[in-house]
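Below is one structure; the comments refer to it alone.
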Amino acid sequence: MFRPKLPTMPQPTGTVTPPAVFEPTTITPGTPAPPAIVPAPSRPTVQLTPGTALALVGGSTAVVLVVGAVLVSMLLAVAITGASVAVCALVIRSLVNADAKRR
């Protein structure tokens, strides 16, 4: 009951083709090809001037402020939703208890 049943390997059916035989090819020595010269990629250099540094700092500050505002607004939305659900639960509980006392 606790021993696994191992499947048996099925026997191949039909005709089995033998593997193809590859004959080695001879290499004839010739004149060696000169190595290819790869030119160095020309990338433009980025120069950081005081104006671009100020723009970079200003842009990153704006991104941080926008992301922070989005996260705070999401947290506020969750808090308001939780508070409204709690108020609804209290009102429903009060209505159910008042209805039970009348009977």
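Annotations for the structure displayed:
- GNM result for the chain, Cα springs below 10 Å: residue of Ala55, Ala89, Ala20 fluctuating most strongly: Ala20
- A 1.4 Å probe run over the chain, with the rest of the protein chains in place, finds 105 Å² accessible per residue.
- Of Val66, Val85, Val21, the one that fluctuates the most in a GNM where the chain has Cα springs shorter than 10 Å: Val21
- Over the chain, dividing the summed -39,500 (n - 2.57) contributions of all DSSP H runs of at least 4 residues by the number of residues returns a 222 nm mean residue ellipticity of -19500 deg cm²/dmol.
- Integer Hz, Karplus 6.51/-1.76/1.60 couplings in order for the stretch 5-10, x for Gly and Pro: 8, 8, x, 8, 6, x
- Fraction of accessible area attributable to carbon and sulfur, the stretch 28-103 (%, probe 1.4 Å): 75
- Pairwise label distance in nanometres, Lys101 with Val85, each label 7 Å out on the Cα-Cβ vector: 2.8
- In this structure Val67 has an accessible area near 80 Å², from a 1.4 Å probe over the protein heavy atoms.
- Positive dipole terminus of the chain, leading residue within Thr81, Gly51, Thr15 (C-beta point charges): Thr81
- Cα centre as origin, Lys/Arg/Asp/Glu Cβ charges: the chain dipole, Debye: 940
The values are calculated or read from the model by the stated rules, or taken from the named source; none is laboratory data. Fair warning: this is a prediction, and the values are worked out from it, not measured in the lab. Every residue, glycine among them, receives a Cβ derived from its backbone with ideal geometry; neighbour counts consider all protein chains shown. When the accessible area is computed, the model is the full protein with side chains, heavy atoms only, and any ligands, DNA or RNA have been set aside. Shrake-Rupley method; radii C 1.70, N 1.55, O 1.52, S 1.80 Å.
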